[in-house]
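J.: Sharing a structure below in structure tokens format, with a few things to ask.
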Amino acid sequence: MGKKVAQVIVDTLVSAGVKNCYGIVGDTLNNFAASLSRSEIQFVHMRHEEAGAFAAQGEALLLDRLTAVAGSCGPGSLHFINGLYEANRNRAPVVLIASQIVRSELGFDFIQEVDFKSVYKGCSVFCEMILTPEHARRMTVMACQAAISKRGVAVLIVPVDVFDSDAADEPAFSVHVNRPVVRPSEADLDEMAALIAQGSNIAIYAGSGSGNAHDEVVQLAERLKAPVAHTTRGKDSLEYDNPHNIGMTGVIGMESAYHCILSCDTLLLLGTDFAWRQFYPSHARIIQVDIDPTHIGRRHPVTLGVVGSVKDTLQALLPRLAQREDSTFRDTYVERHKKDLETQSTRATPGHHGRISGQYLTSIINRLAAPDALFAGDDGTPVVWLHRMMAMNGRRRIFGSLLHGTMANGLGTGIGLQKCQPGRQVIVMAGDGGLSMLFGDVMTTLQENLPLKIVVYNNGKLGFVELEQKSEGLLPQYTDLKNPDFGLVAQAMGLWGKTVTDPDSLEAAAAEWLEQPGPALLNVAVAPMELVMPPFTAVGPAYGMAMYSIKAILHGKGSDVFEMIQENL
Ligand SMILES: Cc1ncc(C[n+]2csc(CCOP(=O)(O)OP(=O)(O)O)c2C)c(N)n1
Ligand SMILES: [Mg+2]
């Protein structure tokens, strides 16, 4: 008997390097699942498809390898959407096998019919349906190749009757994976060097595109005596072993990088597509390097934009640059950054009334976590503390939803990281709102035997949104959360679980939590009024906070204002 199309698709995924497929089975996917079970690809049985998409993108980003998700028709494959937006924005090579109803019923509003092509258009680099068994292999190859080479999500829609059909004799289409050297022309490199030579106070602002270019960026900084600021996504690759580091700018950044970038006369943007325009200097010469030509000059006008990978470009540029001796500009901001870090460490203490501040909790995790730990932080205050406070060393990696900004990303991403690196310590820093949003997948840690370490920053509210409301001068609305004792719930589910409210017992509890051989959840009651301070005193938020304080007092909530001030002194 010949092969079925389902088998051909699985064979092609295997040859493209897929090791794990995250999802939930269902009628239209059953034949594919049967073929998968006979292959070397492991199916990871999730509780919610969205978490499966987060997991796949975690694995794809960490190992830079194609990872699959698969779902049943209609709601099954629809549920991946938010996680696939996350994956696509993060340029993670992920392929969705979206099973579909039978071809003969398409277009008649049949039960569970969903037009996946229009649904997934906005979050994919490839989105096609396999229309006949005769082009199943070719189309699957194209999907994989697009996800890998364009770096994003490929959606392959497969009607159930196509899956179940006999495969046709197709030519031997196969996936080709290679990484070309991409760098600017000689003329562009000369122009870059000439512009840089005109600069006096040169700063570097590097993003995730510099991820594999740590040594080249540090060499460039040394050559130009230029301070290096980085984006949130550049933190794990640029902060460590970098004497020129001045931290992050942006809303959750630090004063050193914020002021440096606004006051330099020449700015080198290296592999960053940082979106917030108000953090770019208005009077500096800006030179931008990016592998994606469509990123050049799209956030802020630039003097010169060149196309290339940061690593290849800097290797070709460095021989053209003279060594500089005057390090005054760099030293000023490196010193300022040291002071920023000292100020930050003074805030990493228990808060008012012996409460545990989120910063204190993060400082303890930073101290106790393994030197090669992987961290996934929920959107909300956990991701802020993760990026501001976790110390990087070249082996630790951090994952946050920094481009899509979705809640509940931490748990799913952590599951993917742990699945593909079972022996490594993986820590999920969850918000109480974020965790409860996709709570079912806490069970996946047991189902799949993943020793994930989950810590809940439990402030009993949608804290980040409450801060936004207050900074607009509004009283908090709809932000309270009625939570169970997550420590006890975890125990009831079969995980190790504990709840901590007393700062004095936090360190011992955190150590015990991290020592557990299996999945473990530490629920920490963190101070509900802790503020996330921006790296500047912007008039808007300051005025908003003042207005909130006045409104709160008028509404008889003066004690809240007092508590907020006490907790953030
Ligand atoms: C899916 C989704 N829904 C809503 C939001 C808006 N939002 C951003 S942060 C946040 C609060 C998160 O609360 P929690 O997880 O408890 O973290 P906290 O800020 O309290 O630490 C909300 C509602 C979002 N980013 N994503
Ligand atoms: Mg919360």
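J.: At least 3 residues that are within 22 Å of N90 (Cβ to Cβ) and within 16 Å of ligand 2 (Cβ to nearest atom) in each: list the helices (runs of 4 or more DSSP H) lying fully within segment 339-451 that qualify.
T.: Numbers: elements: 358-368, 381-389, 409-420, 432-437, 442-447.
Hits in segment 339-451: 381-389, 409-420, 432-437.
J.: Those residues that are surrounded by fewer than 18 Cβ atoms within 10 Å (Cβ to Cβ) and closer than 19 Å to I202 by Cβ, I need them from segment 260-299; list them, please.
T.: If the condition is that a residue be surrounded by fewer than 18 Cβ atoms within 10 Å (Cβ to Cβ) and closer than 19 Å to I202 by Cβ, then S263, D265, S282, H283 are the ones that fit.
J.: Also, I was wondering about something else. So which residues in segment 484-503 are touching a residue at least 24 places away in the same chain (Cβ under 8 Å) and either within 13 Å of ligand 2 (Cβ to nearest atom) or touching a Gly at 6+ places or on another chain (Cβ under 6 Å) (or both), if there are any at all?
T.: F486, G487, A490, G497, K498, T499, P503
J.: Step by step: first the residues of segment 451-484, then only those that are more than 16 Å from ligand 1 (Cβ to nearest atom) and within 23 Å of T362 (Cβ to Cβ), then the one that is surrounded by the most Cβ atoms within 10 Å (Cβ to Cβ). Which residue is that?
T.: K453
J.: Return the total of residues in segment 497-530 being surrounded by fewer than 18 Cβ atoms within 10 Å (Cβ to Cβ) and farther than 13 Å from I356 by Cα. I'd like the intermediate steps shown before the answer.
T.: Initial filter on segment 497-530 (surrounded by fewer than 18 Cβ atoms within 10 Å (Cβ to Cβ)): 501-502, 504-505, 507-508, 511-512, 515-518.
Still in the running and farther than 13 Å from I356 by Cα: 508, 511-512, 515-518.
Number satisfying all stated conditions: 7.
J.: Here is a follow-up. With respect to S99, is the statement that it is under 20 Å from E49 (Cβ atoms), buried (at least 22 other Cβ atoms within 10 Å of the Cβ), free of Cβ contacts under 8 Å to residues at least 60 places away in the same chain and not basic (K, R) true?
T.: On the way: under 20 Å from E49 (Cβ atoms): yes; buried (at least 22 other Cβ atoms within 10 Å of the Cβ): yes; free of Cβ contacts under 8 Å to residues at least 60 places away in the same chain: no; not basic (K, R): yes.
When the stated conditions are applied, S99 does not pass them.
J.: Kindly indicate which of A167, A154, A147 is of a type in the set (A, V, I, L, M) and within 21 Å of V102 (Cβ to Cβ).
T.: The match here is A167.
J.: Is it true that L481 is touching a strand residue (DSSP E or B) at 6+ places or on another chain (Cβ under 7 Å), farther than 13 Å from G377 by Cβ and within 16 Å of ligand 2 (Cβ to nearest atom)?
T.: yes
Every residue, every condition in (1) touching a residue at least 60 places away in the same chain (Cβ under 8 Å); (2) away from ligand 1 (no atom under 16 Å from the Cβ); (3) surrounded by 14 or more Cβ atoms within 10 Å (Cβ to Cβ); (4) in the same structural domain as I81 (by TED's automatic domain parsing), yes or no:
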site: A316; (1), (2), (3), (4): yes, yes, yes, no
site: D326; (1), (2), (3), (4): yes, yes, no, no
site: R367; (1), (2), (3), (4): no, yes, no, no
site: R388; (1), (2), (3), (4): yes, no, yes, no
site: A408; (1), (2), (3), (4): yes, no, yes, no
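J.: Which one of these does Y280 not meet: (1) touching a strand residue (DSSP E or B) at 6+ places or on another chain (Cβ under 8 Å); (2) over 30 Å from L61 (Cα atoms); (3) free of Cβ contacts under 8 Å to residues at least 60 places away in the same chain?
T.: (2)
J.: The conditions are (1) among the polar types (S, T, N, Q); (2) in contact with a strand residue (DSSP E or B) (Cβ under 6 Å, 6 or more places away or on another chain); (3) part of a loop (DSSP other than H, G, I, E, B), and Q288 fails exactly one of them. Which is it?
T.: Condition (3) is where Q288 drops out.
The values are calculated or read from the model by the stated rules, or taken from the named source; none is laboratory data. As the structure is a computational prediction, the values presented were derived from the model and not from experiment. Neighbour counts run over all protein chains shown; Cβ positions are idealised from the backbone, glycine included.
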